[in-house]
Amino acid sequence: MKPVVQLEQTGCGIASVAALAGVSYRQAQRVANRLDIFASDSRLWSETRHVRRLLKEFGIRPANTEVPFTSWGNLPDLALLAVKWHKERDRAFWHWVVFWRGPHGSVVLDSKRALRRHVRTDFGRMKPKWFIPVNLI
């Protein structure tokens, strides 16, 4: 699995789905836009519905509920994580990243454009709030 860098400032959800689906950001963006999902829509990073729809469109099955994060060791082999969780005017926002327990160990695929490395292992710096387990079909 390879990280996908978000091409839009608020495109972390689209980029995370692209990484899971093994497609480019532009490919995932085209599918998202066809489903009326746009990176500029704040619901993409303050609700889970749009990301779930996009995952399903690529044949990826997300769990029905979000699971509170307790520890890195308790995560499933593949999950979408909500990090940088915060509230603005009583509305929750977060940054989507992918957790993957791969053949060479656990990593987080972070799509943030400004990062030098998009494959992260600095788990102590990330503060997940919750996650959605996903299954590649």
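The values are calculated or read from the model by the stated rules, or taken from the named source; none is laboratory data. Nothing here was measured: the structure is a model prediction, and the numbers come from that model. Note: ideal-geometry Cβ built from the backbone for every residue, glycine included; neighbour counts use all protein chains shown.
For LYS112, the criteria (1) charged (D, E, K, R); (2) part of a strand (DSSP E or B); (3) under 14 Å from CYS12 (Cα atoms) hold in every case but one, which is (2).
Candidates TRP85, TRP45: the one that is touching a helix residue (DSSP H, G or I) at 6+ places or on another chain (Cβ under 8 Å), of a type outside the set (Lys, Arg) and at pLDDT below 95 is TRP45. Taken over the range 21-47, the criterion of being more than 16 Å from VAL83 (Cβ to Cβ), part of a helix (DSSP H, G or I) and of a type in the set (A, V, I, L, M, F, W, C) is satisfied by ALA21, ALA28, VAL31, ALA32.
With respect to (1) touching a helix residue (DSSP H, G or I) at 6+ places or on another chain (Cβ under 7 Å); (2) in a strand (DSSP E or B), the lone exception for HIS50 is condition (2).
Let's see how each residue does on (1) closer than 16 Å to SER111 by Cβ; (2) of a type in the set (Gly, Ala, Ser); (3) surrounded by fewer than 16 Cβ atoms within 10 Å (Cβ to Cβ):
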position	(1), (2), (3)
GLN6	yes, no, no
CYS12	yes, no, no
ALA28	yes, yes, no
LEU35	no, no, yes
ASN64	no, no, yes
PRO76	no, no, yes
ALA82	yes, yes, no
